[in-house]
1. Condition first: in contact with a helix residue (DSSP H, G or I) (Cβ under 6 Å, 6 or more places away or on another chain) and either loosely packed, with under 14 Cβ neighbours inside 10 Å or under 23 Å from Thr54 (Cα atoms) (or both). Now tell me which residues in the range 89-115 satisfy that.
2. Quick one: in the range 167-199, which of the residues that are of a type in the set (Ser, Thr, Tyr) and open to solvent by 70 Å² or more (accessible area, probe 1.4 Å) is modelled with the highest pLDDT?
3. With the structure loaded, tell me whether Leu296 is open to solvent by less than 10 Å² (accessible area, probe 1.4 Å), at pLDDT below 95 and either out of contact with any helix residue (DSSP H, G or I) (no Cβ under 6 Å at 6 or more places or on another chain) or farther than 16 Å from Tyr173 by Cβ (or both) or whether it fails that test.
4. Within the range 200-249, track down each residue that is loosely packed, with under 15 Cβ neighbours inside 10 Å, polar (S, T, N, Q) and assigned to a helix (DSSP H, G or I).
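The values are calculated or read from the model by the stated rules, or taken from the named source; none is laboratory data. Because the structure is predicted, anything quoted here is derived from the model rather than measured. Neighbour counts are summed over all protein chains in view; Cβ atoms, including those assigned to glycine, are modelled from backbone coordinates with ideal geometry. Surface areas here come from the heavy atoms of the whole protein model, side chains and all, with no ligands, DNA or RNA. Shrake-Rupley method; radii C 1.70, N 1.55, O 1.52, S 1.80 Å.
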Amino acid sequence: MHEFREGLLGLAVGDALGIPLINKSREELLNNPVTGMIGGGEYNLPLGSFGLPTEVTLAVKESFDRHGHLTKESIMNRLYDVSCGVYSIRGNNPTLGKITSRSLERYRDGMDIDKCGIIDLNENGSGALIMMYPVAYYAYKNKLQEKEIYLLVKDFTSITHNHEINIIGCYIYTMYLVFLLRGKDKYASLSMLQCCDFSFFKTEYLQLYYRILKTSLKEVNIDNIRTDGFIVYIVEAAFYVLLNSENYSQSILGAINLGGKTNIVSSMVGCMASILYGEDDIPDNWLMQLRGKDILDKFM
């Protein structure tokens, strides 16, 4: 049986490798590919520092640990803790994404939690994806059925990102994680994902994910894989890298050298790859360079 630590370690290492490269262009990285852990970047971080994807993962996991189940109010309160630096090793108060920040501000102002999420068609960033590993692990441990997982994902995506495009993307990622946690390989997991019931969603929004759900994403030309903030592109990029890699390090290096939202893509890929290949497949030098392991240990 998989333990939470497996995906968490892979996620945190991927995050630490990706965060210094946020918003780097793919052209720049193709000319000077990154092959290991570095520091610096936009946030000028010490080598091995994890960022928001790991911090939010810890926050959602703590919500579960405190209550024995997941509640929307508790997750919102833990997201506020993230914004105050409770889970940070960066020496500052992390800035949540703009959509999450606006939703959290609404909640703190007393708005009904079911109305806090942003529903604008043009506000479909990828920030909700970084909450999904603990949700997937909860579903796996509790042996939830497909419809129950859909309702869980819908509840926890919509508190910040309330448009159906976001809920679909988070559901796709969560279901794929659940299949990996159940011991399926990456191809079997994709086949099972493609056979899931997506009748809950409108066809016009579901169609945006057709390359994952209806075609061979692995065969897409890499020039057609985008890594800007739109959730559809981020989910596609993470799946594309995993499907075209054969081990943990190859997956992560493929993810970070795509450029763009490298921390989100590499943390997603790191989580999936460590579940798929096992914790022992994470390079020892990357684990040794990872900062904040004392914080991670509390959630393993």
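1. Across the range 89-115, the qualifying residues are Pro94, Leu96, Gly97, Ile99, Thr100, Leu104, Tyr107.
2. Taking the candidates together, the pick is Tyr187.
3. Spelling it out, Leu296 is indeed open to solvent by less than 10 Å² (accessible area, probe 1.4 Å), at pLDDT below 95 and either out of contact with any helix residue (DSSP H, G or I) (no Cβ under 6 Å at 6 or more places or on another chain) or farther than 16 Å from Tyr173 by Cβ (or both).
4. Hits for the range 200-249 are Thr203, Gln207, Asn224.
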